[in-house]
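Read through the structure below, which is laid out as structure tokens, and then see the notes.
The values are calculated or read from the model by the stated rules, or taken from the named source; none is laboratory data. Since the structure is predicted, the reported quantities are computational estimates derived from the model, not experimental observations. Counting neighbours? That spans all protein chains shown, and the Cβs are built from the backbone with ideal geometry, glycine included.
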Amino acid sequence: MKTRAFSLGMAAARWGRLAATVVVIAALGACATPPAPYDYTVFKQNRPVSMLVLPPVNETPEVTATYGVLSQVTLPLAEAGYYVVPVSLMDETFRQNGLNNPVEIHDVSPQKLREIFGADALALKHGRLALTTVGRRVKVVSLSGSAA
């Protein structure tokens, strides 16, 4: 059986490759530009007091993701001082009116939602709060007519 002798040259070559890899990864990470900040001026001008968060459209294989994310989205809004329409009230209201699917719920007009729930703003993702495996972004839309 042959044993391989420790070679200082091989160890230096391995460390050199490792250092080069770290430098390349650090350089690529430094090239990322941060996203442009969102303009909240319209949102601040409307001064919403209450918000309605619709159930997100689940585009993941996780069956319970819709209500898991819904509970996580409403918490920061409530902690920020907004009255958030309770999830159970919103859910039961839609069920009583035959809307069980989040896709159908998102098709209801903002004017009708304001008439039913009396909320000042609606949390959406570019027209729909959707769950994907990549992530989520939330857009707040004023129910009085102008987008925030």
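Can you find a residue in segment 81-101 that is of a type in the set (Gly, Ala, Ser), surrounded by 12 or more Cβ atoms within 10 Å (Cβ to Cβ) and either touching a Gly at 6+ places or on another chain (Cβ under 8 Å) or not in a loop (DSSP other than H, G, I, E, B) (or both)?
no
Considering (1) outside any helix (DSSP H, G or I); (2) at pLDDT below 85, the lone condition that residue 66 does not fulfil carries the number (1).
Residue 79 - would you say it is modelled with pLDDT of 85 or more, under 25 Å from residue 46 (Cβ atoms) and of a type in the set (Asp, Glu)? Considered against the rule, which asks whether it is modelled with pLDDT of 85 or more, under 25 Å from residue 46 (Cβ atoms) and of a type in the set (Asp, Glu), residue 79 comes out as yes. Does residue 92 meet the test of being at pLDDT below 80 and of a type in the set (D, E, K, R)? It is false that residue 92 is at pLDDT below 80 and of a type in the set (D, E, K, R). Taken over segment 69-80, residues that are without any contact (Cβ under 8 Å) to a residue 12 or more places away in the chain, among the aliphatic types (A, V, I, L, M) and not in a loop (DSSP other than H, G, I, E, B) amount to 2.
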